[in-house]
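S.K.: So that we are looking at the same thing, I have put the structure below in structure tokens.
The values are calculated or read from the model by the stated rules, or taken from the named source; none is laboratory data. Predicted model only: the values in this text are computed from it and were never measured. Positions of Cβ are generated from backbone atoms using ideal geometry, with glycine treated the same way; all protein chains shown enter the neighbour counts.
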């Protein structure tokens, strides 16, 4: 069974996932919450963004 590059992909995504996890763990006000939600949506769900 050959690899599908998932290990390499996960290694490359690890720093990004740390940033997103920190954003989600922060205590923030409502305006910041909306901005962070939009940031995460644009990062992961371009179909919804457009």
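S.K.: Does any residue of region 25-37 turn out to be in a helix (DSSP H, G or I), touching a helix residue (DSSP H, G or I) at 6+ places or on another chain (Cβ under 9 Å) and surrounded by fewer than 12 Cβ atoms within 10 Å (Cβ to Cβ)?
M.R.: no
S.K.: Kindly list the number of the only condition in (1) surrounded by 10 or more Cβ atoms within 10 Å (Cβ to Cβ); (2) out of contact with any helix residue (DSSP H, G or I) (no Cβ under 8 Å at 6 or more places or on another chain); (3) at pLDDT below 80 that fails for residue 20.
M.R.: The one condition residue 20 does not meet is (2).
S.K.: Something else: So, in region 23-37, of the ones that are at pLDDT 80 or above and over 23 Å from residue 48 (Cα atoms), which residue ends up nearest to the chain's Cα centre (by Cα)?
M.R.: 25
S.K.: Out of 12, 2, I need the residue that is modelled with pLDDT under 75 and either over 10 Å from the mean Cα position of the chain (by Cα) or exposed (fewer than 11 other Cβ atoms within 10 Å of the Cβ) (or both). Which one?
M.R.: Exactly one of 12, 2 is modelled with pLDDT under 75 and either over 10 Å from the mean Cα position of the chain (by Cα) or exposed (fewer than 11 other Cβ atoms within 10 Å of the Cβ) (or both), namely 2.
S.K.: Could I ask something else about it? Mind checking which pairs have a first residue in region 24-47 that is touching a residue at least 12 places away in the same chain (Cβ under 8 Å) and on the phi < 0 side of the Ramachandran plot and a second that is in a helix (DSSP H, G or I) and surrounded by 11 or more Cβ atoms within 10 Å (Cβ to Cβ), Cβ under 6 Å, 6 or more apart or different chains?
M.R.: Short answer, once both residue conditions are applied: 36/23.
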